[in-house]
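Take a look at the structure below.
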Amino acid sequence: MKTTTVSMTVSRWPHAAFRRAGLLVMLAALAAMPGFAQSTSSEILGTVTDPTGSAVVDAKVIVRSLETGIARETTTDVEGRFRVRQLPLGEYSVTVEKSGFSTYIQGPITLRLNQNAELNVRLSVSGVSETITVQANATMVNTTNAEVAVNFESRRVSELPLSIDRNINNLALSVPGVSQLSSGQTGFTSGGPNFSVNGNRLRSNNFMIDGQDANDPSVAGNQQVINNPDIVAEYRVITNQFLAEYGRNSGSVISIVTKSGSNDFRGSAFWFYNGNKLNTLSNQDVNAGYKAVPWRVENQLGGTLGGPVMRNKAFFFASLQKWTIRNIGTGTTLNGAPTEAGRSILQQVGGSRPQVKALLDFLPAAQTPIGRSAQLVAGGNTYQIPLGSITGSTSFSENNWQGSGRGDVRLSQKHNLSMRYMVNDDVYSGSGQATPPATLRRARRAPNPPPWRSTARFLHGCSTSSGCPICA
């Protein structure tokens, strides 16, 4: 799965001829490109006025990340307005400077996915060097569209309860309009929560990680499963009025933004244990005749680490998780296995045949007759093979490795480079399946000043099942 998307926004053109030429260029780009990039950032905008309410022109506005120290600068226009686009999620401070006025500083300002922060700055006249600091957040508004969405920031992601497998998509089940599907319903698949949004099909959900397609190309659902919420910076569910830039699906858009490093080294470690010693019999176990909880041992352990490679310039974030499950199946009853008498007849009549030998080696003798028989014709004779039922259980084991790595580099005042790699290696015993979907993302973001702003991304995803790769 490969996608290349380019996002361009024209904020201001000086002449009508340039506007027409720009429109033609954009139409040509639309025809040539698969689609426009989905935003994984936010912006800070506002106005700067003096004590009388008049606009302050050419005031210097500095937006600085409190986590990475990276700063972006702009100036106010003739109406005192400013806008700083394509800011990664996180906390920022805003400094406004203008000769003859006191320096204004506001923060921390927390940016969420696709939620713009709006500031109304009023500068005070000052004859001496003076700084006014405002400890306050900004008004979070969405001034560009009518999307209906629910955002889960990093703290909510880590604190809200998830299912036993800690699949991050369980967060969507708490969003209005989302209903969970159960096994047996149309579209149900294994490997994660199944849900319908506003009555749409399961396949109508569009999963994205860092602005890139993360849908499974073969079945419904997301290809890259995330069972470690510590790597998620924000989880967003759009249930209505989503923009055409997302495309593809009509039910919902699930957008996940992964964490990046900062100027401080930060990490986490965890170990979750679940087993029969910590559980009790369920009603189903009691009805099935169990006297004790079936044996089960599950361990999920791992951690994350992020920090600077070069302060204020290059950062990394990595995670690793090991997940093992060991249990005994509850048992399956098979009707139609030959009884001991039936096995004797099969051995006598066709024991030399490979098919009969394979059947006798695979199935033990049925202990409970079911009052039925199978008819066998061989050598002109007809034989009745008595049948019965057998019940047995087998052990099950799962070994799962999940890992991720992300790097972010500040190339210049106008260019950022980021790369993310994720891998999920899941092996089940007895099935002969090994399904390691992996995604590799490279993004080059160029937050240029007007009139152009651009983002270029590249994605490769691959899923392998039973040695057969599914990728493009």
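Read the figures in this text as sums done on the coordinates, not as results from a lab. Bear in mind that the values here come from a model prediction, so they are computed numbers and not experimental data. Virtual Cβ from ideal backbone geometry, glycine too; neighbours counted across all protein chains shown.
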Cβ-based exposure ranking for M422, M208, M310, in which fewest neighbours within 10 Å come first: M310, M208, M422
Would you kindly state how much longer the chain becomes between W295 and N151 on full extension, computed as 0.36 nm times their sequence separation minus their alpha carbon distance, in nm to one decimal? 48.0 nm
Between the modelled labels at L376 and A358 (7 Å from Cα along Cα→Cβ) the distance in nm is 1.6
Could you give the length gained by full extension between V409 and A341, i.e. 0.36 nm per residue of separation minus their alpha carbon distance, to one decimal place? 17.0 nm
Q86's amide H: which non-local residues (gap 5+, or another chain) put their own amide H closer than 5 Å, with H modeled 1.01 Å from N in plane and none for Pro or chain starts? S42
What FRET efficiency, computed as 1/(1 + (r/R0)^6) with R0 = 25 Å and r the Cβ-Cβ distance, is obtained for S163 and N240, rounded to the nearest 0.05? 0.45
Does the stretch 37-141 come out rounded, prolate or oblate, given a ≥ b ≥ c as the square roots of the eigenvalues of its C-alpha gyration tensor, rounded meaning a/c under 1.5 and, failing that, prolate meaning a/b above b/c? prolate
Which of K259/K414; K60/K259; K291/K322; K98/K313 exceed 26 Å between C-alpha atoms? The answer is K60/K259; K291/K322; K98/K313
Which of the three applies to the stretch 226-305, rounded, prolate or oblate, going by the alpha-carbon gyration tensor with a ≥ b ≥ c and a/c under 1.5 meaning rounded? oblate
Could you work out how much longer the chain between L278 and E79 gets when fully extended? Use 0.36 nm per residue separation minus the Cα distance between them, nm to one decimal. 65.1 nm
Can you give me the relative contact order of the stretch 37-141 as a percent, contacts being Cα pairs under 8 Å and 6 or more apart? 31
With each pseudo-label sitting 7 Å past Cα toward Cβ, what's the N198-M310 distance in nm, one decimal? 4.7
